[in-house]
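Below is one structure, written out as structure tokens, with a few remarks after it.
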Protein chains: 2
Amino acid sequence: MTNRVFIAASLDGYIARRDGSLDWLTGIETPEGEDYGYAEFMKTIDAVVMGRKTYEAVLSFGEWPYVKPVFVLSRTLPRAPGGECAGVLAGEPAEIVKGLREKGYGNLYIDGGRTVREFMRAGFIDELTITVVPVLLGSGVPLFGDLPQGIALNNKETKTFPNGLVRITYAVERRGA
Amino acid sequence: MTNRVFIAASLDGYIARRDGSLDWLTGIETPEGEDYGYAEFMKTIDAVVMGRKTYEAVLSFGEWPYVKPVFVLSRTLPRAPGGECAGVLAGEPAEIVKGLREKGYGNLYIDGGRTVREFMRAGFIDELTITVVPVLLGSGVPLFGDLPQGIALNNKETKTFPNGLVRITYAVERRGA
């Protein structure tokens, strides 16, 4: 039972520009059929957990990219699932994870800036796959936030793509680094 | 004539803890003789430019690690060079670079958090080599700062070391990304 992050970030650690735009990401020249490991990754998880802002951003893309149930964290959205969303949840990371595991979702994809930062801070991320895009945005929505203590990581795999993207998968090894 | 950065950073983009400490870096288990490309890099530069804080931190290490002249940026240190320092300079990045090139130092190693951030913001960094250490510090001295505009980079080389460090060399391709 593993909580995983799979996300692209600029070299300076942003996952979106300040206004949320992803042009620096969507504009990357990508060979046909290259998904940077996304489909393989999706096979390893049972459900996706994301914040409301990320959910609304994904909805705006038009095409729904998820093949697994998506749970949205929100204190304002109606509780009843609607549209593409399998459920709306609220609470601390510990409660969210416990609740989803009781429903049989053992391996979770934790997605979206604020949600990743909250789960990381609370110690509920086990694996991080970051695809580093060769750009400095200079400002934006940060991937990482303050932590109460350092976290030692274990580099499990590095893969460099011909267009310069570098995907690194880390396992969380130890809190208190 | 190239201005280069060669620096280690945590995955969350810090080059030192908040109190300046580098235990997370100096504590890395490194095979004997492995310098992560440092000696090769030093051959490519003519002089080092660093801020006062970095200079004082390096002095505190005991052993002086530089085989090229080191110029220290400071508005408070005495102008006359002393000890290990080849000269004390003050001014904007453009003036610093111009002055050193007039003295025959064409290829500069720009070092230290504040200095790297200032030179980057002013458009005076041409190449960035970052060695990403598998740790999240959660807070500290940031490598990257706000930029007036994005900067497109070109990944020239990625190298993964057996202990999980990932060294990536980027050329600055274009400002305005």
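Mind telling me which of the residues A:LEU89, A:LEU22, A:LEU11, A:LEU73 ends up being under 17 Å from the mean Cα position of the chain (by Cα) and surrounded by fewer than 17 Cβ atoms within 10 Å (Cβ to Cβ)?
Unique residue meeting the criteria: A:LEU22.
Being touching a strand residue (DSSP E or B) at 6+ places or on another chain (Cβ under 9 Å) and not in a strand (DSSP E or B) is the filter here; which residues of the stretch A:117-138 pass it?
A:ARG117, A:GLU118, A:PHE119, A:MET120, A:GLY123, A:PHE124, A:ILE125, A:ASP126, A:PRO134, A:LEU137, A:GLY138
Find the helices (runs of 4 or more DSSP H) located wholly in the stretch A:1-107 whose residues include 3 or more that are within 14 Å of chain B (Cβ to nearest Cβ) and closer than 30 Å to B:LEU128 by Cα, and list them.
Correct list: A:23-26.
For the stretch B:150-177, name all the residues that are within 7 Å of chain A (Cβ to nearest Cβ), surrounded by 16 or more Cβ atoms within 10 Å (Cβ to Cβ) and more than 15 Å from the chain's Cα centre (by Cα).
B:GLY150, B:ILE151, B:ALA152, B:LEU153, B:ASN155, B:THR158, B:THR160, B:GLY164, B:VAL166, B:ALA177
So A:ARG114 fits all but one of (1) surrounded by fewer than 18 Cβ atoms within 10 Å (Cβ to Cβ); (2) part of a loop (DSSP other than H, G, I, E, B); (3) in contact (Cβ under 8 Å) with a residue 40 or more places away in the chain; what number is the exception?
Just one mismatch for A:ARG114, condition (2).
Limited to the stretch B:94-122, what total is found for residues that are in contact with a helix residue (DSSP H, G or I) (Cβ under 8 Å, 6 or more places away or on another chain) and not aliphatic (A, V, I, L, M)?
Of the residues in that region, 8 qualify.
Of the residues that sit in the stretch B:150-177 and are small (Gly, Ala, Ser) and not in a strand (DSSP E or B), which one is farthest from A:GLU29 (Cα to Cα)?
Checked the stretch B:150-177; the qualifying residue farthest from A:GLU29 (Cα to Cα) is B:GLY164.
Please work out which one of (1) surrounded by fewer than 16 Cβ atoms within 10 Å (Cβ to Cβ); (2) within 15 Å of the chain's Cα centre (by Cα); (3) acidic (Asp, Glu) is the condition A:GLU95 fails and give its number.
Only one criterion in (1) surrounded by fewer than 16 Cβ atoms within 10 Å (Cβ to Cβ); (2) within 15 Å of the chain's Cα centre (by Cα); (3) acidic (Asp, Glu) is unmet by A:GLU95, namely (2).
Take the residues in the stretch A:120-177 that are among the polar types (S, T, N, Q) and farther than 20 Å from B:THR129 by Cβ, then tell me which one is modelled with the lowest pLDDT.
A:GLN149
For the stretch B:139-149, check the following and say yes or no: at least one residue is in contact (Cβ under 8 Å) with a residue 24 or more places away in the chain and either more than 12 Å from chain A (Cβ to nearest Cβ) or part of a helix (DSSP H, G or I) (or both).
Checked the stretch B:139-149: at least one residue is in contact (Cβ under 8 Å) with a residue 24 or more places away in the chain and either more than 12 Å from chain A (Cβ to nearest Cβ) or part of a helix (DSSP H, G or I) (or both).
Which of the residues spanning the stretch A:121-138 are in contact with a Gly (Cβ under 7 Å, 6 or more places away or on another chain), at negative phi and either touching a residue at least 60 places away in the same chain (Cβ under 8 Å) or crowded, with 21+ Cβ neighbours inside 10 Å (or both)?
A:PRO134, A:VAL135, A:LEU136, A:LEU137
Take the conditions surrounded by fewer than 16 Cβ atoms within 10 Å (Cβ to Cβ), more than 22 Å from A:GLU157 (Cα to Cα) and under 14 Å from the mean Cα position of the chain (by Cα) and apply them to A:PRO65. Does it pass?
yes
The values are calculated or read from the model by the stated rules, or taken from the named source; none is laboratory data. Because the structure is a prediction, the values reported are computed rather than measured. Using ideal geometry, Cβ is built from the backbone for each residue, glycine included, and neighbour counts are taken over all protein chains shown.
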